[in-house]
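Peer 1: Sharing a structure below in structure tokens format, with a few things to ask.
The values are calculated or read from the model by the stated rules, or taken from the named source; none is laboratory data. All of these numbers come straight from a predicted model, not from anything done at the bench. With ideal geometry, Cβ positions are generated from the backbone for all residues, glycine too; neighbour counts draw on all protein chains shown.
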Amino acid sequence: MAESTIEWTELTWNPVTGCKKISPGCKFCYAEVMSRRLKAMGVEKYKDGFKIRVHPESLNIPFTWKKPKVVFVNSMSDLFHDEIPLDFIKAVFSVMNATPQHTYQVLTKRSDRLLTIADELNWTANIWMGVSVENEKYVQRVTELSQTPAKTKFLSVEPLLGYIKNLPLDKINWVIVGGESGHGARPVKYEWIESVRRQCEIKKVPFFFKQWGKPKFNVNANDPTIDKLHPRHAKGGCELDGKIYRELPIAV
């Protein structure tokens, strides 16, 4: 468990580590970089770097939290990777089912496997299921997510790498958008962000704009949230037309 600087969550919990790249959004994977760093630091859990590993010893961690938490599950992996046994995925779900005081945010790029096994999992209301969509080519992930029994479904449109004309939002409860950050970050454009925001507005889906990624991508050089001392600071700033969008699907 670790405190998180990600704006839309509180903690991260990683019963699985490691992954493999499958689409353009993976190109500058922060989890891969972090895994190498943790391995170099001698952290036992990351002794194999970014190879896919399950960690049964981490399953009981949520039972130790004394207060309700909002938890990003597997920030260092993808729970629905084909190499992760179904029995272990079920074990992770069992922990989430048994700790309803916590809100769990699970995110995958492997919506095909998610859909295949979704009916074998227990979707209690505290489990939010999301998919990543970086451009128009991967909108099918949204369709597959929509067909699952998850009570709260969300999209991480991050890093946003292109114009997405039509997001099928009818069964989606939340959309997060963000530009890419870090070395070699690819630019995000205002029109791409605004298109998603407008689609959310039309469908009345809560919209959360996380960041521009880099100040040079931000169309407003005077955005006050670029300043690291600003209470709502995000990488590259997070205002959109002078407004900060931090909407959530439900109160947590």
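Peer 1: Scan the stretch 62-105 for residues that are among the polar types (S, T, N, Q) and in a helix (DSSP H, G or I) and jot them down. Lay out the reasoning, then the answer.
Peer 2: So the first thing to find is which residues in the stretch 62-105 are among the polar types (S, T, N, Q), and the list is 64, 74-75, 77, 94, 97, 99, 101, 103, 105.
Correct list: THR64, SER94, ASN97.
Peer 1: Among the residues of the stretch 105-120, is any free of Cβ contacts under 8 Å to residues at least 12 places away in the same chain, under 18 Å from ARG141 (Cβ atoms) and surrounded by fewer than 22 Cβ atoms within 10 Å (Cβ to Cβ)? Outline the logic, then answer.
Peer 2: So the first thing to find is which residues in the stretch 105-120 are free of Cβ contacts under 8 Å to residues at least 12 places away in the same chain, and the list is 116.
With the extra rule that they be under 18 Å from ARG141 (Cβ atoms), the set shrinks to 116.
Keeping just the survivors that are surrounded by fewer than 22 Cβ atoms within 10 Å (Cβ to Cβ) gives 116.
Checking the stretch 105-120: at least one residue is free of Cβ contacts under 8 Å to residues at least 12 places away in the same chain, under 18 Å from ARG141 (Cβ atoms) and surrounded by fewer than 22 Cβ atoms within 10 Å (Cβ to Cβ).
Peer 1: Continuing with the same structure: Out of ARG198, ARG141, I need the residue that is crowded, with 18+ Cβ neighbours inside 10 Å, basic (Lys, Arg) and at negative phi. Which one? Don't jump to the end; show me each part of the working.
Peer 2: Working: ARG198 fails: crowded, with 18+ Cβ neighbours inside 10 Å.
Going through ARG198, ARG141 in turn, the sole match is ARG141.
Peer 1: Next question, about the same structure. Among what's in the stretch 175-184 and is surrounded by fewer than 23 Cβ atoms within 10 Å (Cβ to Cβ) and within 18 Å of the chain's Cα centre (by Cα), pick the residue that is modelled with the lowest pLDDT. Show your work before the answer.
Peer 2: Initially, the stretch 175-184 is screened for residues surrounded by fewer than 23 Cβ atoms within 10 Å (Cβ to Cβ), giving 181-184.
Now drop any that are not within 18 Å of the chain's Cα centre (by Cα), which leaves 181-182.
On the way: SER181: 94, GLY182: 89.
So the residue we want is GLY182.
Peer 1: Does the stretch 92-108 contain at least one residue that is hydrophobic (A, V, I, L, M, F, W, C) and closer than 25 Å to LYS235 by Cβ? Before the answer, list the steps.
Peer 2: First pass over the stretch 92-108, keeping only residues hydrophobic (A, V, I, L, M, F, W, C): 92-93, 95-96, 98, 106-107.
Cutting the leftovers down to closer than 25 Å to LYS235 by Cβ gives us 106-107.
Yes, some residue in the stretch 92-108 is hydrophobic (A, V, I, L, M, F, W, C) and closer than 25 Å to LYS235 by Cβ.
Peer 1: Any residue in the stretch 225-252 that is surrounded by fewer than 20 Cβ atoms within 10 Å (Cβ to Cβ) and of a type in the set (Phe, Trp, Tyr) sitting within a Cβ distance under 9 Å of a residue that is at pLDDT 95 or above and assigned to a loop (DSSP other than H, G, I, E, B)? List the pairs, counting only those 6 or more apart or interchain.
Peer 2: Going by the 9 Å Cβ cut-off, the qualifying pairs are TYR245/PRO206; TYR245/CYS238.
Peer 1: Let me ask something else. Would you mind finding the one in GLU134, GLU180, GLU144, GLU201 that is in contact (Cβ under 8 Å) with a residue 12 or more places away in the chain, assigned to a helix (DSSP H, G or I) and out of contact with any strand residue (DSSP E or B) (no Cβ under 6 Å at 6 or more places or on another chain)?
Peer 2: Values: GLU134 fails: assigned to a helix (DSSP H, G or I); GLU180 fails: assigned to a helix (DSSP H, G or I); GLU201 fails: in contact (Cβ under 8 Å) with a residue 12 or more places away in the chain.
Criteria check complete, one pass: GLU144.
Peer 1: For LEU115, all conditions in the list (1) assigned to a loop (DSSP other than H, G, I, E, B); (2) within 27 Å of VAL157 (Cα to Cα) hold save one; what is the number of the exception?
Peer 2: Condition not satisfied by LEU115: (1).
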